[in-house]
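Chemist: Below are the C-alpha cells for one structure; questions will follow.
The values are calculated or read from the model by the stated rules, or taken from the named source; none is laboratory data. Model, not experiment: these values are computed from the prediction. Backbone-built Cβ (ideal geometry, glycine too); neighbour counts: all protein chains shown. Heads up: the accessible areas ignore ligands, DNA and RNA and are worked out on the full protein's heavy atoms, side chains in. Shrake-Rupley method; radii C 1.70, N 1.55, O 1.52, S 1.80 Å.
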Amino acid sequence: MLKIKDLRVSIEDKEIIKGFNLEVNAGEVHAIMGPNGSGKSTLAAVLAGRDMFRVTGGKVLYNGEDLLEKSPEQRAKEGLFLGFQYPIEIPGVSMVNFLKTAVNELRKYRGQKQLSATDFLKMMREKKELVEIDSTLTNRSVNEGFSGGEKKKNEIFQMAMLEPKLSILDETDSGLDIDALRVVANGVNKLKSKERASIVITHYQRLLDYIIPDFVHVLYDGRIVKSGGKDLALLLEEKGYEWIKEEAET
Amino acid sequence: MSTVKEKKDIKGYLADLFQNNRDLIDSGSSPPLNRHREKALSLFRKLGLPSRKSENYRYAPLGDLFEKEFAHSFNVKKVSFNIHDIFKCDIPDLDTNLILLVNGKYYNSENPLREIDGGIVVGSMAKAATEMPEIFEKYYNSMAGDTGDGLVAMNTAFAQDGVFIYIPKGSVLKKPLQVVNIMIHETDLMAQHRNLIIAEENSSARVVVCDHTLSANSFLSNNVTEIFAAPRAYFSMCKIQNEHNGSAQVSHTFVKQQRESNVFTNTISLHGGFIRNNVFARLDDEGCENHTLGLYLTDKKQYIDNYVKIDHAQPGCHSNQLFKGVLDDQASGSFNGIILVRENAQKTNAYQANNNILLTDDARINSRPQLEIYADDVKCSHGSTVGQLDQNALFYMRSRGIPEREARLLLMYAFAYEVIGRIDVKPLRNRIDDLVNKRLRGELSRCNNCVMSCG
Ligand SMILES: Nc1ncnc2c1ncn2[C@@H]1O[C@H](COP(=O)(O)OP(=O)(O)O)[C@@H](O)[C@H]1O
Ligand SMILES: [Mg+2]
C-alpha cells in the first residue's frame, strides 16, 4: 500500500528526514516511536502533502503511484488521512459545513451521490456515538475553543467520518486521560480491516496496550534505527530512548 | 455646455456648470431645495474638491474622476423603461416595498409620496420638501451644511431629488423598505442625489439600499444621506454597493442621534471601480448606541475607501465600528476610523476593528485607526490587521479532501460572516449571505437582482 524509499526532507536547508524507509501493507498496523524532535511529525506532514517541507531525495509510492506528486486533497480522496498532533482551529467555519464539504468531495470522487442534509446529520450522529464526542462540539467552529482532549477526539471523529484506507495518527494519544485514550484506540480498531492500514505515531507505549501493532519502528534523527514487534515498545517503555541513541551513534 | 474642461480648474468648471444650468437644475427640483443652492455653491467655491493634501482624503485617488467628460443628471430626460424588463425577477408589492431612484431621481412620478404602515411617509425628496415644509426645513442640510468637504457642498448645490423617509413618533415600519439606485444612460453620466431620513421618538425602521448600474457607461455619483434619530428610535440601514467597475461613487452619510437611540449602518461593497464611503455619526445625547459596519470584497483594480468618524459628544454612549475586507488581484483601499470622545463624554464605550485579508502581493490596504479622547472615564479599543489566509487552516482542510479553491472560499466566507451575521433582518441576512457567497465565488458579475425580492 505504502512504500517509502530513502526519503530525505529538509526545511530551510536543515535536513530533518535523512533516508527513511518503510513499507506498509494492507491490514497492518505500524507504530512509529521516537524521542522529541526525531522527525515523526515532519514525516507525517510530508506524507499528507504539506508543502513547507522540501523533499530532497527518495520516493514514496502509494498504491503503486507517486504520492509526492499529488495535492493534499487528492491524497485525502485516495484514502490517506492524517490525524494532526496539533489540530488547527478554524474560527467561523462550522464543523458541520467543514465535514459535509469533505464527505461530499470524497463521495464525488468515489462516484457516489451527494448526501442529503438529513442523511449527513444521521451519519454524523452515528459516528459521534462511536467516538463519544460531546454532541455540542459539532455545532461549533472547527476545533475552536476545544480542549486538548476534545481536539484529539475530533481527529478520530473525522477519521470515522472519512473512513480512510491509510490513517496516520500523529501522537493522537498524548495528553489524553484513560477514557479518551480508550476512545481513540476504539476508533482505530473499529476501522481495522484487511483493506486498511494505520501508522500510529506515539511517544509512549500506553496506546499500544489498546492498539496492538504488527510492527514497531524507532525513529531517531530522521532515520529508523530499530524495528521489531510489539515487544520493542515495552522495551522502550522500560529502558527509555537513551540506549537507542547510544546504539545509533556508535 | 462647454465640452473642453480646463484640467486645472475643475472647481471653476463645476461652479460654471452650476451657474449655466441653474434654471434647469431648479426646474427639475423644488423651491425648498433650490433655496439652499446659492449658499452651498459659495461653500463649494471656498472648499473645492478634496485633494490628497486634505487629511481625510489622503489615500483616495480622486485624481481625475471629476475631470472626465460626463453628461449630468439634471440634463437628462427621464429614462423610461419597464422595471420588469430590467430586473429579471418578479418584484412583489412594488408600491409598498420598493423605492426606485433612476439616475438620482425618484422614479414613480404618479405617486411621489406615499404613506405606509399608518403614517410613515416615503417618497421623493423634492416632493416632500414642498408637502412637508416644516419637517424639511428643520432637518435638511442641518448636519451636512457644516461640512468641510467640498463634495458635500457640491451635492447640496446640485442635488434635485432623492429619497425622503419620515417615520413619525411611535410608528414601526413592518417590512424593510428597499431603495434601489439605478444608473442607466447611453453616455457617461454624473448624478448627485440627496436623501433625508427622520426617525422620530420610539420609532423603528429598517432600510435596504442597493446600488446598481444597468448600462456599461462610466458613472460618477456623489450622494448625501442625512439620518436623524430621535430619542429611543431604532433605525438600521444596510447598503449593498454593486455597480460595475467602470463606475465611481462617493457616498456621504451623516447620522445624528438623540437620547438612547440606536442606529445601525452596514455597507457591503461588492463591485464598483472607485468607492468612497464617509460615515459621520454624532452621538448627541446620553445612552445612544451606534453600530457602523462594513464589508468589502474587491478584486481587479477596484478601489475601496471607508472613512468613519464617530463623535461621542455626550456621556454614556456605546459605539462599535467593524470593517472587514478581502482584496484580490490589484485591488487597493483604505480604512480611516476615528473615535472622538469629547471632554464631557464620560462612561463612553467605543470600539473599532478593521481586519483585512490580502489575497495577492499586489493588493494593498491602508488602515488608519485614530482615537481622539478628551474624557478620562472611557473604554475604547481599536485593532487593525492586514494578513493572508491562514496557511495552516488551508492545509488542514485540504488534508480532509476539500479542494484548495473550496478551502479558500470557506475561510474567506468565515471571515466575512462576522459582518453579515450582524444584519438584524433574517431574510435579508440570508440574501446578503448568498450574494457574498456568489461574490467570493466570482459568480456575481453584474447582479440585477434585488436583494430582498428575488433569487
Ligand atoms: N516548521 C519548522 N521550521 C523549522 N524547523 C522545524 C519545523 N518543523 C519541525 N522542525 C524541526 O524538525 C525537527 C523534527 O521535528 P518534528 O518532526 O516535529 O519531530 P517530532 O514530531 O518527532 O517531535 C526538529 O528539530 C524541529 O525543530
Ligand atoms: Mg511531533
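Chemist: Scan the range A:153-186 for residues that are of a type in the set (Gly, Ala, Ser), more than 14 Å from every other protein chain (Cβ to nearest Cβ) and either over 18 Å from A:Ile212 (Cβ atoms) or open to solvent by 10 Å² or more (accessible area, probe 1.4 Å) (or both) and jot them down.
Modeler: The answer is A:Ser174, A:Gly175, A:Ala180.
Chemist: Does the range B:181-189 contain any residue that is within 17 Å of the chain's Cα centre (by Cα), within 30 Å of B:Gln314 (Cβ to Cβ) and not acidic (Asp, Glu)?
Modeler: no
Chemist: Quick one: in the range A:85-102, which of the residues that are farther than 15 Å from B:Asn392 by Cβ and open to solvent by less than 10 Å² (accessible area, probe 1.4 Å) is farthest from the other protein chains (Cβ to nearest Cβ)?
Modeler: Residue satisfying both the conditions and the ranking: A:Met95.
Chemist: Restricting attention to helices (runs of 4 or more DSSP H) lying wholly within the range B:105-218, give those where 2 or more residues are without any contact (Cβ under 8 Å) to a residue 40 or more places away in the chain and closer than 29 Å to B:Leu41 by Cβ.
Modeler: Of the helices (runs of 4 or more DSSP H) lying wholly inside the range B:105-218, those with at least 2 residues that are without any contact (Cβ under 8 Å) to a residue 40 or more places away in the chain and closer than 29 Å to B:Leu41 by Cβ span B:133-139.
Chemist: Output the number of residues of the range A:20-37 satisfying the condition of being open to solvent by 10 Å² or more (accessible area, probe 1.4 Å) and part of a strand (DSSP E or B).
Modeler: Counting residues in the range A:20-37 that are open to solvent by 10 Å² or more (accessible area, probe 1.4 Å) and part of a strand (DSSP E or B) gives 3.
Chemist: Condition check: on the phi < 0 side of the Ramachandran plot and within 16 Å of ligand 1 (Cβ to nearest atom). Does A:Leu181 satisfy that?
Modeler: The answer is no for A:Leu181.
Chemist: Do you know which residues across the range B:432-451 are hydrophobic (A, V, I, L, M, F, W, C) and either at pLDDT 50 or above or closer than 20 Å to B:Asn245 by Cβ (or both)?
Modeler: B:Ile432, B:Leu435, B:Val436, B:Leu440, B:Leu444, B:Cys447, B:Val451 - these are the residues of the range B:432-451 that are hydrophobic (A, V, I, L, M, F, W, C) and either at pLDDT 50 or above or closer than 20 Å to B:Asn245 by Cβ (or both).
Chemist: Please determine, by comparing only the residues of the range B:388-409 that are touching a residue at least 12 places away in the same chain (Cβ under 8 Å) and open to solvent by 20 Å² or more (accessible area, probe 1.4 Å), which one is farthest from A:Pro87 (Cα to Cα).
Modeler: Here the answer is B:Gln388.
Chemist: Just checking, which of B:Pro427, B:Pro369 is surrounded by 16 or more Cβ atoms within 10 Å (Cβ to Cβ), more than 14 Å from chain A (Cβ to nearest Cβ) and farther than 30 Å from A:Arg75 by Cβ?
Modeler: B:Pro369
Chemist: A further question follows. What number of residues in the range A:202-250 are open to solvent by 40 Å² or more (accessible area, probe 1.4 Å), hydrophobic (A, V, I, L, M, F, W, C) and within 21 Å of A:Gly83 (Cβ to Cβ)?
Modeler: 3
Chemist: Give A:Gly111, A:Gly64, A:Gly37, A:Gly83 a once-over and let me know the one that is within 16 Å of ligand 2 (Cβ to nearest atom) and either touching a Cys at 6+ places or on another chain (Cβ under 9 Å) or free of Cβ contacts under 8 Å to residues at least 12 places away in the same chain (or both).
Modeler: Within the list A:Gly111, A:Gly64, A:Gly37, A:Gly83, the selection yields A:Gly37.
Chemist: Here's another thing I want to ask about it. Give just the number: which of (1) more than 8 Å from every other protein chain (Cβ to nearest Cβ); (2) assigned to a helix (DSSP H, G or I) does B:Glu443 not satisfy?
Modeler: Tallying (1) more than 8 Å from every other protein chain (Cβ to nearest Cβ); (2) assigned to a helix (DSSP H, G or I), B:Glu443 fails exactly one: (2).
Chemist: Let me ask something else about it. In the range A:40-61, which residues are more than 11 Å from ligand 1 (Cβ to nearest atom) and without any contact (Cβ under 8 Å) to a residue 24 or more places away in the chain?
Modeler: A:Asp51
Chemist: Oh, and also: Given B:Gln257, B:Gln314, B:Gln302, which one is more than 15 Å from the chain's Cα centre (by Cα) and open to solvent by 10 Å² or more (accessible area, probe 1.4 Å)?
Modeler: Residue meeting the stated conditions: B:Gln314.
Chemist: Looking only at residues that are away from every other protein chain (no Cβ under 14 Å) and among the basic types (Lys, Arg) in the range A:2-51, which one is nearest to B:Met397 (Cα to Cα)?
Modeler: Top of the filtered list is A:Lys40.
Chemist: Might you let me know whether the range A:218-236 holds any residue that is farther than 28 Å from A:Met1 by Cα, away from chain B (no Cβ under 14 Å) and away from ligand 2 (no atom under 16 Å from the Cβ)?
Modeler: Yes, that holds for at least one residue.
Chemist: Right, something else. Across the range A:52-84, what is the number of residues that are within 12 Å of chain B (Cβ to nearest Cβ) and either part of a helix (DSSP H, G or I) or surrounded by 15 or more Cβ atoms within 10 Å (Cβ to Cβ) (or both)?
Modeler: 15
Chemist: Then there is this: Taking B:Thr360 and the conditions (1) in a strand (DSSP E or B); (2) away from chain A (no Cβ under 14 Å), which numbered condition does it fall short on, given that it satisfies the others?
Modeler: (1)
Chemist: Restricting the search to the range A:10-34, which residues are of a type in the set (A, V, I, L, M) and within 15 Å of ligand 2 (Cβ to nearest atom)?
Modeler: A:Ile11, A:Ile16, A:Ile17, A:Ala31, A:Ile32, A:Met33
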